[in-house]
Amino acid sequence: MRLLLQAIHTVTNANKPIRYSPVYARSTIKVVFGLILLISHLSPGFLTAQNNYLNYQPKEGETISSIIEKFELEEPSRKVREFLQLNQLNAQAPIYTHRQYKLPIKVLSYNGKSIRSTLGKNDWDLAVKIQNYNLDLFRKGVKGGDYRENGELWVPLIYLQSKANGKAVLAGNTTLNVPLFGPQNAVFPKESEKLKNEVFYLVAGHGGPDPGAISYWKNSSICEDEYSYDVTLRLAKLLMAHGATVEVIVQDPTDGIRSGYHLPCDQNEVCITGEPLPLNQLKRLQQRTQAINDLYIGHRKNKEIKDQIAVMIHVDSRAKNKRQDVYFYHLPDSDQGRAKANNIYHTFKNKYKVHRTGGKYNGSVSSRNLYMLRSTYPPAVFIELGNLKNPSDQKRIILESNRQALAQWIFEGLIKE
């Protein structure tokens with residue numbers, strides 16, 4: 001016993017003298033047994049949350065399919081694909097009991113009020129579904145506690161990743177409802193039908209496991225993907241308000257259009273297909289181009305569609321002292337891509353004359369053979385909003401009014417004849 005106490009003391013009280021007593025021994029034994037119980041509960045098959053995903057260490061004999069079944073995940077074949085993508089595995093990869101794997105389940109902090117307010121979604125049916133899911137797994141012993149007591153709410157990705165989230169649905173004769181834009185921005189007026197026969201594919205750069213460029217603002221991290229995504233959603237809202245069909249290719253089911261300066265970095269972004277974004281860059285680009293191309297083929301079957309175009313929005317990263325204006329790329333042999341890029345460029349140039357002291361604009365339009373430009377079927381424009389590391393350029397995306405202005409000017413350039 002003294003040796004055991006000495007070992008525990010070495011770990012927990014390295015700088016304090018050892019004093020052996022019955023009371024000390026009993027209290028230490030409780031700690032030891034607590035640790036033993038915790039370890040026996042966690043291994044194997046233990047659960048943790050990492051990057052908001054539920055992590056699971058398999059037990060002997062478990063397979064991907066049996067794990068998917070154990071956690072009652074819908075659409076098993078799709079969930080197997082998501083599991084493989086989340087963990088960067090191929091279909092033939094073995095499952096090991098000594099490592100942890102991400103599950104396509106988000107772990108959220110329950111706010112103690114309601115599931116709807118925790119999610120930021122006023123969807124009663126969804127809340128009931130999530131509640132039943134958590135309680136059912138708790139009753140079966142898969143989940144270690146009631147979410148109302150331990151504050152841990154499990155939400156399968158499929159419950160959050162609905163393609164319809166990014167679709168404009170009529171909420172009235174002149175009102176649209178797009179849940180993807182968030183509770184404060186989901187419902188908005190329909191202003192016209194002038195873009196009703198046009199399709200826009202909007203792609204915010206990076207996302208998921210890849211935040212893109214990272215910098216700091218007032219000692220807080222700022223990530224490229226969060227700001228490019230916010231501008232992308234604002235642009236989508238403007239296009240939808242005038243009747244356009246908008247396919248938001250990278251989606252975050254929890255963010256919506258956000259106010260304020262600091263947009264926290266997260267990894268919640270998924271593809272419009274509902275699948276997680278791969279860590280591997282090439283696979284990630286292939287996933288989003290495939291989604292665009294599949295949708296493009298589908299929209300071409302509609303004889304009323306006149307025009308389709310893709311827009312990729314990024315924030316660049318260069319030396320801190322390098323200030324740069326918004327600039328644009330198009331594919332070398334794409335006449336329509338070049339025309340759209342030039343239209344947006346000239347819109348920005350004219351806006352700078354009005355809104356910038358001195359009126360000087362140093363943006364540019366050029367051709368580049370980028371993967372996203374050459375691999376998508378519709379003509380495309382690639383936009384860089386500025387240098388994330390430059391303090392002056394940071395203001396262009398940190399200020400909400402500037403993010404809205406960026407979206408507005410891109411919108412005006414896109415629809416310019």
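Readers should treat all values here as calculations from the given coordinates under stated rules, not as data from a laboratory. Owing to the predicted nature of the structure, the values given are computational and were not obtained by experimental measurement. Neighbour counts run over all protein chains shown; Cβ positions are idealised from the backbone, glycine included.
A few notes on this one:
- With contacts taken as Cα pairs under 8 Å at a separation of at least 6 residues, the stretch 163-414 carries a relative contact order of 22 percent.
- The chain: radius of gyration over Cα atoms, expressed as a fraction of 2.2 N^0.38 Å: 1.17
- Of N321, N197, N111, the one that fluctuates the most in a GNM where the chain has Cα springs shorter than 10 Å: N321
- Shown here for the stretch 58-99: chymotrypsin sites (Phe, Trp or Tyr not before Pro) in loop regions (DSSP other than H, G, I, E, B) with at most 15 other Cβ atoms within 10 Å, namely Y96.
- Left without a cysteine partner by the 4.7 Å Cβ rule in the chain: C271.
- Using θ = phi - 60° and Karplus 6.51 cos²θ - 1.76 cosθ + 1.60, couplings along the stretch 355-365 (whole Hz; Gly, Pro as x): 9, 10, 4, x, x, 7, 10, 10, x, 8, 10
- Backbone amide hydrogens, once placed in the peptide plane, bring Q57 within less than 5 Å of G45, F46, Y101, excluding anything fewer than 5 places away on its chain.
- Choice from K395, K59, K303 with maximal GNM fluctuation in the chain (Cα, 10 Å cutoff): K303
- Mean shadow area of the stretch 291-336, taken as a quarter of the surface of its Cα convex hull (nm²): 5.1 nm²
- Listed by chain and number, the lysines placed with their C-alpha closer than 16 angstrom to that of K59 are K70, K102, K143; residues fewer than eight positions away on the same chain are left out.
- Axis of helix 124-139 versus longest Cα principal axis of the chain: the two differ by about 20°, to the nearest ten degrees.
- The aspartates and glutamates whose alpha-carbon is closer than 13 Å to the alpha-carbon of K283, local same-chain residues fewer than 8 away aside, are D210, E275.
- Measuring against 26 Å, Cα to Cα, the residue pairs K322/K351; K190/K303; K106/K395; K218/K353 contain K106/K395; K218/K353 as the ones spanning a longer distance.
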